[in-house]
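These notes concern the structure reproduced below.
The values are calculated or read from the model by the stated rules, or taken from the named source; none is laboratory data. Treat the numbers as computed from the prediction; the structure is a model and nothing was measured. Heads up, the Cβs are rebuilt from the backbone with ideal geometry, glycines too, and the neighbour counts pull from every protein chain shown. For accessibility, only protein heavy atoms count, side chains too; no ligands or nucleic acids. Shrake-Rupley method; radii C 1.70, N 1.55, O 1.52, S 1.80 Å.
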Amino acid sequence: MTDPIGDFITRVRNASLARHKVVEVPASNMRKAITKILFDQGYVLNYKFEDKGPQGIIKIALKYNNETKEPVIKAMQRVSRPGLRKYAGSKEIPRVLNGLGIAILSTSHGVMVDKEARRNNTGGEVLCYVY
């Protein structure tokens with residue numbers, strides 16, 4: 001697999017659009033950090049790490065609107081890819097939908113949301129946009 005984060009984003013996006021309740025993805029430290037951010041920001045209902053197989057599995061319970069049954073994650077878009085890395089300094093961190101969405105960054109201080117990176121005055125690699 002050449003792009004494990006892209007695979008993670010695609011699995012979550014496809015399961016959300018197909019109205020699945022739970023999606024299972026192979027675990028890694030980066031995927032665990034992104035999952036924790038999605039939970040903290042309210043995009044997923046819950047998550048659980050399981051030590052099955054050689055690397056483990058992350059089970060993610062997806063979240064939907066109660067009235068309209070629409071998925072909370074409207075779109076997950078990969079920004080930095082293995083063929084073309086996208087980096088942003090602390091002053092150039094993008095705002096997603098004028099602050100309604102989030103950008104997830106990989107910085108020297110760990111994986112964090114765009115607002116937290118601006119507050120800490122830290123730049124890094126822009127992994128994806130979620131809204």
Q) Calculated from DSSP H runs of 4 or more alone, at -39500 (n - 2.57) each and per residue, what is the 222 nm mean residue ellipticity of the chain, nearest 500? A) -7500 deg cm²/dmol
Q.
With a cap of 13 neighbouring Cβ atoms within 10 Å, and only residues DSSP puts in a loop, list the GluC sites (Glu not before Pro) found in segment 1-67.
A. Glu67
Q. Anyone know which of Asp114, Asp51, Asp40 comes out most mobile in the 10 Å Cα GNM of the chain?
A. Asp51
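Could you pull out the trypsin sites (Lys or Arg not before Pro) across segment 1-99 that fall in loop regions by DSSP (anything but H, G, I, E, B) with no more than 15 other Cβ atoms inside 10 Å? Each step should come with its number before you reach the end.
On the way: sites: Arg11, Arg13, Arg19, Lys21, Arg31, Lys32, Lys36, Lys48, Lys52, Lys59, Lys63, Lys69, Lys74, Arg78, Arg85, Lys86, Lys91, Arg95; in loops: Arg19, Lys21, Lys52, Lys63, Lys69, Lys74, Arg85, Lys86, Lys91, Arg95.
Listed in order of number, the matching sites are Arg19, Lys21, Lys52, Lys69, Lys74, Arg85, Lys86, Lys91, Arg95.
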Q.
Given a 10 angstrom Cα cut-off, can you work out which residue in Pro26, Pro94, Pro54 is the most mobile in a GNM of the chain?
A. Pro54
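Using 0.36 nm times the number of residues separating Thr2 and Asn66, minus their current alpha carbon distance, what extension gain do you get?
Working: separation 64, 0.36 × 64 = 23.04 nm, distance 3.69 nm.
Using 0.36 nm per residue and subtracting the Cα-Cα distance, I get 19.4 nm.
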Q. What does the accessible area of Met30 come to, in Å² to the nearest 10, when a probe of 1.4 Å is used?
A. 60 Å²
Q: Using only Cα atoms, tell me the angle between helix 29-40 and the longest principal axis of the chain; keep it within 0 to 90° and round to the nearest 10.
A: 80 degrees
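Hey, any idea what % of segment 1-129's accessible area is carbon plus sulfur with a 1.4 Å probe?
Values: 3670 of 7410 Å².
Here carbon and sulfur together make up 50 percent of the probe-accessible area.
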Q. Where does the charge balance sit around Val23 when Lys and Arg score +1, Asp and Glu -1, over other residues with C-beta under 10 Å from its C-beta?
A. +3
Q: Any chance you could look up the accessible area of Ser108 with a 1.4 Å probe, heavy atoms only, rounded to 10 Å²?
A: 110 Å²
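Largest first and in whole Å, what are the equivalent-ellipsoid semi-axes of the chain based on the Cα gyration tensor, each being the root of 5 times an eigenvalue? Working shown, then result.
Numbers: eigenvalues 110, 68, 34 Å².
Computed over the chain, the values are 23, 18, 13 Å.
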Q) Which Rg and Dmax, in Å, describe the Cα atoms of segment 1-54? A) 11.1, 30
Q: Express the accessible area of the chain per residue in Å², computed with a 1.4 Å probe while the remaining protein chains stay in the model.
A: 57 Å²
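About the Cα centre of the chain, what is the dipole size in debye to 20, counting +1 per Lys and Arg Cβ and -1 per Asp and Glu Cβ, all else neutral?
Values: 22 positive and 12 negative charges, 28 e Å.
Rounded to the nearest 20 debye, it is 140 debye.
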Q) Angle, helix 4-17 long axis vs. longest principal axis of the chain, Cα atoms, 0 to 90°, nearest 10? A) 50 degrees
Q: Go ahead and set up a Gaussian network model of the chain, Cα springs under 10 Å, then flag whichever of Asn121, Asn65, Asn14 fluctuates most.
A: Asn65
(Q) Can you sort Leu17, Leu127 by solvent-accessible area, 1.4 Å probe, largest first? (A) Leu17, Leu127
